[in-house]
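The values are calculated or read from the model by the stated rules, or taken from the named source; none is laboratory data. Keep in mind the model is a prediction, meaning the values are calculated, not measured. Cβ atoms come from the backbone with ideal geometry, glycine included; neighbour counts cover every protein chain shown.
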Amino acid sequence: MRDTKRCIIIDDEPAAHYVLANYIKQNPQLELVFQGYNGIEAMNFLRENTVDLMFLDINMPEISGMELLKILPNPPKTILTTAYSEFALESYDYGVIDYLLKPIYFPRFLKAIDRFFSMDTTKAKEEEIINSVSVKVDGYFIDIELDQLLFAQSFGNYVKLHTAKRTYLASITTTELEKCLPEKNFMRIHKSYIVALDKIEETEKDFVVIKQEKLPIGITYKRELSDRLKK
């Protein structure tokens, strides 16, 4: 049985809300927790709440759907809902998982939802089996056990990997490393730092402490870090 996923609708058209809310209601694995009519309402809700899936219109007043995706530091998985198709290619640069053209028909909606759940299941399986990361150190590839990794620090085109026993200077960027780490265990808290969530000993307003090291928290990551540590 799939876990219930929290979803929101952001669209300036009441008719679109009616259709999507009705479709969502017919899927017991989806829970509609918020309906907003512009990007500002979406931003305010997402600052205080965590959701799994966002149905997002592109053409809205004040802030368009594409602008919203660019502004949000960590947008939820998104299915675009719009009458226009010219943004389809660009949208996939922002983690959009599907693109529904209005009027949206129920079979096409179901296909998009199946894609969302398929991606979620695949990701969960991948995270379950990851227990080490292979990185290049001094010209040789070595495996770093993830349960030993405390935090990673950006160092130009390299990353300092701080483990329980020693520090490695690996030939990899912070962004590349982030893609290799299981999201449920690790999080980027600053443009230059990724931390193991279970290794955090203290949390202050602007930094966390791991093994007496104070690591800064970037302003765009504070809300997500707070939410993650509450779980």
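Rundown of residues vs (1) in a helix (DSSP H, G or I); (2) hydrophobic (A, V, I, L, M, F, W, C); (3) closer than 24 Å to ILE219 by Cβ, yes/no style:
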{"site": "ILE172", "(1), (2), (3)": "no, yes, no"}
{"site": "LYS179", "(1), (2), (3)": "yes, no, yes"}
{"site": "VAL195", "(1), (2), (3)": "no, yes, yes"}
{"site": "VAL208", "(1), (2), (3)": "no, yes, yes"}
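For segment 32-63, give me each residue that is surrounded by 15 or more Cβ atoms within 10 Å (Cβ to Cβ) and of a type in the set (Asp, Glu).
GLU41, ASP52, ASP57
Looking only at residues in segment 130-170 that are among the acidic types (Asp, Glu) and assigned to a strand (DSSP E or B), which one is nearest to LYS230 (Cα to Cα)?
GLU145
VAL209 is checked against (1) among the aliphatic types (A, V, I, L, M); (2) farther than 27 Å from VAL51 by Cβ; (3) touching a residue at least 24 places away in the same chain (Cβ under 8 Å) and fails just one. What number does that condition carry?
Here VAL209 clears every test but (3).
Would you be able to say whether some residue in segment 1-9 is part of a loop (DSSP other than H, G, I, E, B) and modelled with pLDDT of 95 or more? Before the answer, list the steps.
Residues of segment 1-9 part of a loop (DSSP other than H, G, I, E, B): 1-4.
Next, from what is left, pick out any that are modelled with pLDDT of 95 or more: none.
No, the conditions are met nowhere in segment 1-9.
How about segment 57-75: which of its residues are in contact with an Asp or Glu (Cβ under 6 Å, 6 or more places away or on another chain) and farther than 17 Å from TYR37 by Cβ?
ASN74
Residues that are surrounded by 20 or more Cβ atoms within 10 Å (Cβ to Cβ), more than 18 Å from SER134 (Cβ to Cβ), touching a residue at least 24 places away in the same chain (Cβ under 8 Å) and of a type in the set (D, E, K, R): does segment 180-195 have at least one?
Among the residues of segment 180-195, at least one is surrounded by 20 or more Cβ atoms within 10 Å (Cβ to Cβ), more than 18 Å from SER134 (Cβ to Cβ), touching a residue at least 24 places away in the same chain (Cβ under 8 Å) and of a type in the set (D, E, K, R), which makes the answer yes.
For residues in segment 88-107 being at pLDDT 90 or above and loosely packed, with under 14 Cβ neighbours inside 10 Å, which is farthest from PHE55 (Cα to Cα)?
Step by step, filter segment 88-107, then rank; the result is PRO107.
Just checking, which of ILE8, ILE24 is at negative phi and over 21 Å from the mean Cα position of the chain (by Cα)?
It is ILE24.
With LYS25, LYS5 as the choices, which residue is surrounded by 16 or more Cβ atoms within 10 Å (Cβ to Cβ) and basic (Lys, Arg)?
That would be LYS5, the only listed residue that is surrounded by 16 or more Cβ atoms within 10 Å (Cβ to Cβ) and basic (Lys, Arg).
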